[in-house]
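The next block holds one structure in the form of structure tokens; read it before the comments.
Here, each number is a calculation from the coordinates, and none is a lab measurement. All figures in this text were calculated on a predicted structure; none of them were measured in a lab. Here the Cβ positions follow ideal geometry from the backbone for every residue, glycine too, while neighbour counts run over all protein chains shown.
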Amino acid sequence: MVGLGADLEPGTLLAAYRGGIFPMRVARHGPIAWWSPDPRAVIPLGGLRVSRSLRRSLRRYGATLDRAFGEVIRACADPGRPHGWIDDSFITAYERLHRLGWAHSVEVWSADGDLAGGLYGVAVGRLFAGESMFHRQRDASKVALVHLVQLLRGDDDALLDVQWRTAHLASLGAVEIARSRYLELLEVALARSLPAAFLASEQWER
């Protein structure tokens, strides 16, 4: 933790991400805390682990970008989820970032057209800072991550930040790097332009 307080205005949030910092409440009703972990977890785009069962799941679902941002962030904020901390102030702040073109979601849909899972995060330059993911059907959040990596892949300077290395993320290929190294990679990523898919997200569907 590197700070407490402040606000969730777009300028504050974007300055934080550009500095390698992200907000998260200490508890669901606690103050806004600002974090810069050491070590930091990232997923190397060439190191994503896709199991045989996950490959089968990829064939069962469809994926879109930015078709249902509000639904995704609200599913991630479900108060019934363990350790939930995303409240209305975060939903409002990130929906505003989404309208401004900075926050994005990947949605995963079942064959019946139901929202099965997804993720959301913030894209600045070639940084995608993953914030949260959820699933309602088996492997749906993993499928969202696979599609995100496919979107970012092909650019050696892209940086996929996942904050902390959990057992779940480690199973998908997340690794820990020193904060100093993360900040070096971040500087390179920020110097590049946003991936074209994010600039015309309404056209992206798989």
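Numbers at a glance
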| item | result |
| --- | --- |
| Net lengthening on full extension, Val188/Arg96 (0.36 nm per residue, minus Cα-Cα) | 30.5 nm |
| Label-to-label distance, nm, for residues given as Val175 and Ala197 (7 Å Cα→Cβ offset) | 2.2 |
| Rg [Å, one decimal], Dmax [Å, integer] - the range 1-157, C-alpha atoms | 15.6, 45 |
| Amide H partners (placed H, <5 Å) of Ile32, local residues excluded | Gly5 |
| Relative contact order [Cα under 8 Å, 6+ residues apart], the chain, whole percent | 28 |
| Förster radius 35 Å - calculated FRET efficiency between Arg60 and Asp87, Cβ distance, rounded to 0.05 | 0.60 |
